[in-house]
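> This structure is in structure tokens; I'll ask about it shortly.
Rule-based calculations on the coordinates, nothing more; no lab input. On a predicted model such as this, the values are computed, not experimentally measured, just so you know. Cβ placement follows ideal geometry from the backbone for every residue including glycine, while neighbour counts extend to all protein chains displayed.
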Amino acid sequence: MFSKFLNLDKEKQDRIINAAIKEFAQKGYDKASTNEIVKEAGISKGLLFHYF
């Protein structure tokens, strides 16, 4: 299910996970923004959905 994500280098995985954790911690699940996650992680929104 997450094989594409798990094939990324560790640094990129960490950037995405840390960006998501930060967004969810600040805004909660209902108000979290994928736009903010991808901006913080430095990836496109399409890639985020591709990985997950």
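> Can you work out ³J(HN,Hα) from phi for every residue in segment 39-46, in order, using Karplus 6.51 cos²θ - 1.76 cosθ + 1.60 and θ = phi - 60°, giving whole Hz and x for Gly and Pro?
My calculation for segment 39-46 gives 4, 5, 7, x, 10, 7, 5, x Hz in order.
> Would any residue of segment 1-28 have its amide N under 20 Å from a label point 7 Å out along Cα→Cβ of residue 50? List them or say none.
Residues passing the 20 Å test: 1-20.
> Report which label in (1) 23, 40, 26, 11, 0; (2) 26, 57, 17; (3) 18, 47, 27, 8, 0 holds the value of P(r) over Cα pairs in 10 Å bins from 0, in percent derived from the coordinates of this structure.
Structure-derived value, by its label: (2).
> Can you tell me which aspartates and glutamates have their Cα less than 16 Å from the Cα of residue 22? Leave out same-chain residues fewer than eight positions away.
List returned: 14, 30, 36, 40.
> Right, next: Any chance you could run the full-extension gain for residue 7 through residue 40? It's 0.36 nm times the residue separation minus the Cα-Cα distance, nm to one decimal. Mind showing how you got there, number by number?
Values: separation 33, 0.36 × 33 = 11.88 nm, distance 2.04 nm.
Here the segment from residue 7 to residue 40 would lengthen by 9.8 nm.
> Determine the calculated [θ] at 222 nm for the chain from helices alone, applying -39500 (n - 2.57) to every DSSP H run no shorter than 4 residues and normalising by the residue count; nearest 500 deg cm²/dmol.
Working: 4 runs with 41 residues, N = 52.
Mean residue ellipticity at 222 nm (helix-derived): -23500 deg cm²/dmol.
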